[in-house]
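Down below is the structure, laid out as structure tokens.
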Amino acid sequence: MADGSSGAQRPLSPHLQIYRPLFTMMMSIVHRITGVGLYFGMVLFIWWLLAAASNTPTAYNTFSAIAGSFIGYLVLFGFTWALLHHALGGVRHFIWDFIHGFGAQERLLLAKATLAGSVGLTLILWVIGVALKG
């Protein structure tokens, strides 16, 4: 109980230090983090669109040079994973909208499928992309 100055004993609000971290809780937090990451990652997408639409080849060459660097690939890989993870998390929420998957085992299975699916699809997309690039 919180010790208030008025002398009233009120309960503390629950927070992350009280709850034992569960896999589904962590996946919910990761879903929110990927949403924020996608928000900022759209800057890259807009930069690419503006560079492609500009009349100067140097604008697109600059974007290509930065995106084609090791750090650029790492950021784009992370953006790809965040996009897929967030999308699969949205599918999980869509399933819940139909009042399915609320059992303890079902929630855990959906959370694990979201993580495994996002990692697997990211790797598949990048293998295909690198193979097509040559």
All conditions in (1) more than 22 Å from Val36 (Cβ to Cβ); (2) in contact with a helix residue (DSSP H, G or I) (Cβ under 8 Å, 6 or more places away or on another chain); (3) surrounded by 13 or more Cβ atoms within 10 Å (Cβ to Cβ) are true of His100 except (3)
Expected output for region 18-38 (first residue under 20 Å from Ala104 (Cα atoms), partner part of a helix (DSSP H, G or I), Cβ below 6 Å, 6+ apart or cross-chain) is Phe23/Ala111; Thr24/Arg107; Thr24/Ala111; Met27/Ala111; His31/Gly89
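Given the condition over 29 Å from Lys133 (Cα atoms), touching a Gly at 6+ places or on another chain (Cβ under 9 Å) and part of a helix (DSSP H, G or I), answer yes or no: does some residue in region 6-27 qualify? Outline the logic, then answer.
So in region 6-27, the residues over 29 Å from Lys133 (Cα atoms) come out as 6-27.
Now narrow it down to the ones that are touching a Gly at 6+ places or on another chain (Cβ under 9 Å): 10, 27.
Of the ones still in play, those that are also part of a helix (DSSP H, G or I) are 27.
Scanning region 6-27 turns up at least one residue that is over 29 Å from Lys133 (Cα atoms), touching a Gly at 6+ places or on another chain (Cβ under 9 Å) and part of a helix (DSSP H, G or I).
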Hey, can you tell me all the residues within region 104-117 that are modelled with pLDDT of 95 or more and small (Gly, Ala, Ser)? Ala111, Ala113, Ala116, Gly117
If I filter region 41-53 down to residues being within 21 Å of Thr122 (Cβ to Cβ) and of a type in the set (A, V, I, L, M, F, W, C), which single residue comes out as farthest from the chain's Cα centre (by Cα)? Trp48
What about His93, is it in a helix (DSSP H, G or I), in contact with a Ser or Thr (Cβ under 6 Å, 6 or more places away or on another chain) and surrounded by 11 or more Cβ atoms within 10 Å (Cβ to Cβ)? no
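Of everything in region 96-119 that's among the β-branched types (Val, Ile, Thr) and part of a helix (DSSP H, G or I), which residue is farthest from Ser28 (Cα to Cα)?
From region 96-119, those among the β-branched types (Val, Ile, Thr) are 99, 114, 119; that's our starting set.
Filter once more, so that each one left must be part of a helix (DSSP H, G or I): 114, 119.
Values: Thr114: 11, Val119: 16 Å.
If we take residues in region 96-119 being among the β-branched types (Val, Ile, Thr) and part of a helix (DSSP H, G or I), then Val119 is farthest from Ser28 (Cα to Cα).
Results for (1) of a type in the set (Val, Ile, Thr); (2) loosely packed, with under 10 Cβ neighbours inside 10 Å; (3) within 25 Å of Ile124 (Cβ to Cβ), shown as yes or no for each residue.
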{"site": "Leu38", "(1), (2), (3)": "no, no, yes"}
{"site": "Asn55", "(1), (2), (3)": "no, yes, no"}
{"site": "Tyr60", "(1), (2), (3)": "no, no, no"}
{"site": "Trp81", "(1), (2), (3)": "no, no, yes"}
{"site": "Leu84", "(1), (2), (3)": "no, no, yes"}
Give me the pairs: first residue in region 55-66 and within 19 Å of Phe45 (Cβ to Cβ), second residue assigned to a loop (DSSP other than H, G, I, E, B), beta-carbon distance under 8 Å, and six or more apart or on different chains, which are they? Tyr60/Ser54
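The values are calculated or read from the model by the stated rules, or taken from the named source; none is laboratory data. All values reported here derive from a predicted model rather than from experimental measurement. All Cβ positions, even for glycine, are placed from backbone atoms using ideal geometry, and neighbour counts span all protein chains on display.
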